[in-house]
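The values are calculated or read from the model by the stated rules, or taken from the named source; none is laboratory data. Here the structure is a predicted model, which is why all the values come from computation and not from measurement. Quick reminder, even Gly has a Cβ in these numbers, built from the backbone with ideal geometry, and neighbours come from all protein chains shown. These accessible areas exclude ligands, DNA and RNA; they are computed on the full protein's heavy atoms, side chains included. Shrake-Rupley method; radii C 1.70, N 1.55, O 1.52, S 1.80 Å.
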Amino acid sequence: MRIFISADIEGVAGVTEALQGQRGNPEYEVARRLMTQETNAAIRGAFAGGATEVIVADSHGPLRNMIAEDLDPRARIVSGRPRPLSMGQGLTAECDGAIFIGYHASADHQGVLAHTINGMAFRRIEIGGVQVGEPTLFGGFAAELGVPLLAVSGDDQLASEIAVQFPSTRRIVVKQALGVHTADSLSPQSARELIEAEVTEAVAVAQTAPVESPCKAPLEVVVDFNKQAFADAAVMVPTVERSSAHTVRFLAASHEELIGTLTILSMISSSLA
């Protein structure tokens, strides 16, 4: 049984400020260790639940954060960028389940460090009126492959989004959001114990887990940018049309195409920052 794990940093217990996700400072070094250890807890849980193979995608910012030598040696790791499927690289139809660790609420939603893909660029993203977070994108991609989203960890605001969009997915709450930079968090050790136990139970029933997604192709996407200049540049992508000063829209035939287009828009916006 093959299990895919995508690991982010903002939803990790003890992480509350942007500095912890940015290279070049002591706080980042602490946070990346916390990220690595929560991922290890999920790996242990996956194997305890019956997995025979685990692949991990390092999915925060530069997509190379986890301390590889500290990762559970039974797992493989996908790291580095750019990569076509971003946070979903390594997820294939041969996987029996997906698990998202350290995730966060979507852009334009309350939550610790809430954003979607690129907080500097995107104020809000919708698909057919559904507010889009990273689980919406990559859980939706998993669903197109026939792979169920088994469990997601992060704060309580993320859990509220998951409850609506992926109602059968196990929600692992490691902290309560008190603000964008404030949380009431479990200790890292308690968070790891919770993640390991919950993932073990989720993987044990992976074969009967339903495949769910809030959005079905074709996908009508609306992107609201934080700056007009980002929308100015976005319409240079052939499939993208202008809706207003800060807003563009496009149609995607699949979640894979959607992820690719949003990744391009993120990279263009970052070049203008």
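Does region 14-34 contain at least one residue that is open to solvent by less than 10 Å² (accessible area, probe 1.4 Å), within 14 Å of the chain's Cα centre (by Cα) and of a type in the set (A, V, I, L, M, F, W, C)?
no
Can you name the residue in region 158-177 that is within 20 Å of Gly21 (Cα to Cα) and in contact (Cβ under 8 Å) with a residue 24 or more places away in the chain and is also surrounded by the most Cβ atoms within 10 Å (Cβ to Cβ) among such residues?
Just the residues of region 158-177 that are within 20 Å of Gly21 (Cα to Cα), to begin with: 158, 173-177.
Filter once more, keeping what is in contact (Cβ under 8 Å) with a residue 24 or more places away in the chain: 158, 174-175, 177.
On the way: Leu158: 32, Val174: 28, Lys175: 25, Ala177: 28.
Among those that are within 20 Å of Gly21 (Cα to Cα) and in contact (Cβ under 8 Å) with a residue 24 or more places away in the chain, it is Leu158.
Can you report the number of residues in region 109-139 which are in a loop (DSSP other than H, G, I, E, B), open to solvent by 40 Å² or more (accessible area, probe 1.4 Å) and of a type outside the set (A, V, I, L, M, F, W, C)? Full working, then the answer.
So the first thing to find is which residues in region 109-139 are in a loop (DSSP other than H, G, I, E, B), and the list is 109-121, 128-129, 132-133.
From the residues that got through so far, the ones that are open to solvent by 40 Å² or more (accessible area, probe 1.4 Å) too are 109-110, 117, 119-120, 128-129.
Subset that is of a type outside the set (A, V, I, L, M, F, W, C): 109-110, 119, 128-129.
Count: 5.
Mind counting the residues in region 230-273 that are among the polar types (S, T, N, Q), assigned to a helix (DSSP H, G or I) and in contact (Cβ under 8 Å) with a residue 60 or more places away in the chain? Talk me through it step by step, then tell me what you get.
First pass over region 230-273, keeping only residues among the polar types (S, T, N, Q): 239, 243-244, 247, 254, 261, 263, 266, 269-271.
Next, only the ones that are assigned to a helix (DSSP H, G or I) stay: 261, 263, 266, 269-271.
Applying the additional criterion that residues be in contact (Cβ under 8 Å) with a residue 60 or more places away in the chain yields 263, 266, 269-270.
Selection size over region 230-273: 4.
Within region 142-151, which residues are open to solvent by 10 Å² or more (accessible area, probe 1.4 Å), part of a helix (DSSP H, G or I) and among the hydrophobic types (A, V, I, L, M, F, W, C)?
Selection gives Ala143 alone.
In this structure, is Ala273 hydrophobic (A, V, I, L, M, F, W, C) and modelled with pLDDT under 95?
Values: hydrophobic (A, V, I, L, M, F, W, C): yes; modelled with pLDDT under 95: yes.
Criteria met by Ala273.
Output the residues belonging to region 212-229 that are open to solvent by 30 Å² or more (accessible area, probe 1.4 Å) and either in contact with a helix residue (DSSP H, G or I) (Cβ under 8 Å, 6 or more places away or on another chain) or in a loop (DSSP other than H, G, I, E, B) (or both).
Glu212, Pro214, Lys216, Ala217, Pro218, Asn226, Lys227, Ala229
I'd like the full set of residues that are in a loop (DSSP other than H, G, I, E, B) and either without any contact (Cβ under 8 Å) to a residue 60 or more places away in the chain or not small (Gly, Ala, Ser) (or both), limited to region 9-58. Quick ask: steps written out before the conclusion?
Step one: of region 9-58, the residues in a loop (DSSP other than H, G, I, E, B) are 9-17, 22-25, 49-52.
Correct list: Ile9, Glu10, Val12, Val15, Thr16, Glu17, Gln22, Arg23, Gly24, Asn25, Thr52.
Take the residues in region 75-108 that are hydrophobic (A, V, I, L, M, F, W, C) and in contact with a Lys or Arg (Cβ under 8 Å, 6 or more places away or on another chain), then tell me which one is surrounded by the most Cβ atoms within 10 Å (Cβ to Cβ). Can you show your working first?
Keep residues of region 75-108 that are hydrophobic (A, V, I, L, M, F, W, C), which gives 75, 77-78, 85, 87, 91, 93, 95, 98-101, 105, 107.
Among the residues that remain, those that are also in contact with a Lys or Arg (Cβ under 8 Å, 6 or more places away or on another chain) are: 95, 107.
Values: Cys95: 21, Ala107: 24.
Of everything passing the filter in region 75-108, Ala107 is surrounded by the most Cβ atoms within 10 Å (Cβ to Cβ).
Against the definition (open to solvent by 60 Å² or more (accessible area, probe 1.4 Å) and either in contact with a helix residue (DSSP H, G or I) (Cβ under 8 Å, 6 or more places away or on another chain) or under 20 Å from Gly21 (Cβ atoms) (or both)), how does Asp155 come out, yes or no?
On the way: open to solvent by 60 Å² or more (accessible area, probe 1.4 Å): no; either in contact with a helix residue (DSSP H, G or I) (Cβ under 8 Å, 6 or more places away or on another chain) or under 20 Å from Gly21 (Cβ atoms) (or both): yes.
Here the answer is no, as Asp155 does not meet what is asked.
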